[in-house]
Amino acid sequence: MRASDRAYTTLLDEIQTGVLAPGTVLGEVEQSARLGVSRTPLRAALARLASDGLVAQSSPRVTVVTDVQSDDIRSLFTVRRALEETAARLAAASPAAPTFARMADAFAAADLDGDAARDAYYALIADFDDELDAAAANDYLVGALQNIRTHLVRVRRLARYRPERLAASVAEHRLIASAIAAGDGELAAHAVHVHLHNALTSILDSLETTPELALTPQPAARKRRP
């Protein structure tokens, strides 16, 4: 892996998991030394993060991790809803649609008892996203979704504080997968709409009731989703 890619991957993970909280200053000298790279690859990594919208320059030599506000999250979900509903319709009409029955069964069998089981569930959702992208078979749509998901990791971790929301998410994903498997694009899109509405409501409620969660660093190994 190139030094710039290594620096980007490390910083991206730390921003997404909250290790580098919003407002954290990323000075070139300090970050170069910490990551073990020279300034040229670090600048390349920071430029990629800026393009992602995860950092912003406050001066020529100082970059700051961007904040996450409620309005940003709403805007993110507005775009996510449009993209994922379309992806669900395309997947339901694709030759791969019947294979989503396997995903529905996997969601039905999902276990949320304990950290290891929940981590396995998050991995299952990542697999579902991959299957959805492949079935949608639209490079432009998938590219837009991948950009959205880069930002979603930052806010999804708030849902871990609401286990009841996580349990509901299992049933919602099962319905989406079942609808796709049945070739019912409208039901699949509606199920996506309901799921994202509930996820957004839960995240915004978490921010309203415990706003400090948005700024609390989380373990780098954890990447959880509503």
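The values are calculated or read from the model by the stated rules, or taken from the named source; none is laboratory data. Just so it is clear, the model here is predicted, and its values are computed rather than measured. Here the Cβ is made from the backbone with ideal geometry for all residues, glycine too, and neighbour counts use every protein chain on show. Side chains are part of the model used for accessible areas, which takes the heavy atoms of the whole protein and leaves out ligands, DNA and RNA. Shrake-Rupley method; radii C 1.70, N 1.55, O 1.52, S 1.80 Å.
Points worth noting:
- Residue count for the range 14-29 satisfying the condition of being in a helix (DSSP H, G or I), surrounded by fewer than 16 Cβ atoms within 10 Å (Cβ to Cβ) and modelled with pLDDT of 90 or more: 0.
- In the range 95-125, the residue that is least open to solvent (accessible area, probe 1.4 Å) out of those that are part of a helix (DSSP H, G or I) and farther than 19 Å from Ser169 by Cα is Ala97.
- Residue within the range 38-59 that is acidic (Asp, Glu), outside the structural domain of Leu204 (by the TED database) and open to solvent by 40 Å² or more (accessible area, probe 1.4 Å) present: no
- Taking each residue of the range 194-205 that is part of a helix (DSSP H, G or I) and looking for partners that are buried (at least 16 other Cβ atoms within 10 Å of the Cβ) and among the aromatic types (Phe, Trp, Tyr) with beta-carbon atoms closer than 8 Å, six or more apart or interchain, yields Leu196/Phe77; Ala199/Phe77; Leu200/Phe77.
- Residues of the range 57-75 satisfying the condition of being in contact with a strand residue (DSSP E or B) (Cβ under 6 Å, 6 or more places away or on another chain) and without any contact (Cβ under 8 Å) to a residue 24 or more places away in the chain: Gln57
- Some residue of the range 20-28 being assigned by the TED database to the domain that holds Gln146, out of contact with any Asp or Glu (no Cβ under 9 Å at 6 or more places or on another chain) and over 30 Å from Ala182 (Cα atoms): no
- Top-ranked residue of the range 60-91 - restricted to ones that are touching a Leu at 6+ places or on another chain (Cβ under 8 Å) and over 24 Å from Ile203 (Cβ atoms), ranked as surrounded by the most Cβ atoms within 10 Å (Cβ to Cβ): Ala91
- Checked against (1) in contact with a His (Cβ under 7 Å, 6 or more places away or on another chain); (2) charged (D, E, K, R); (3) modelled with pLDDT under 85, Arg224 meets all criteria but (1).
- Any chance Arg48 is in contact with a helix residue (DSSP H, G or I) (Cβ under 9 Å, 6 or more places away or on another chain), among the charged types (D, E, K, R) and more than 21 Å from Arg156 (Cα to Cα): yes
- The residues listed here are Ala116, Ala110; of these, the one that is at pLDDT below 95, more than 16 Å from Ala179 (Cα to Cα) and touching a helix residue (DSSP H, G or I) at 6+ places or on another chain (Cβ under 6 Å) is Ala110.
- In the set Glu212, Glu186, Glu164, only one residue is at pLDDT 95 or above and of a type in the set (D, E, K, R); that residue is Glu186.
- Every pair of residues 6+ apart whose Cβ atoms lie under 8 Å, when the first sits in the range 19-31 and is on the phi < 0 side of the Ramachandran plot while the second is crowded, with 16+ Cβ neighbours inside 10 Å and assigned to a loop (DSSP other than H, G, I, E, B): Val19/Gln218; Pro22/Thr66; Pro22/Val68; Leu26/Leu20
- Residue in the range 80-94 that is at pLDDT 95 or above, over 24 Å from the mean Cα position of the chain (by Cα) and among the hydrophobic types (A, V, I, L, M, F, W, C) present: yes
- Hey, Phe128 in a helix (DSSP H, G or I), more than 19 Å from the chain's Cα centre (by Cα) and buried (at least 18 other Cβ atoms within 10 Å of the Cβ) or not: no
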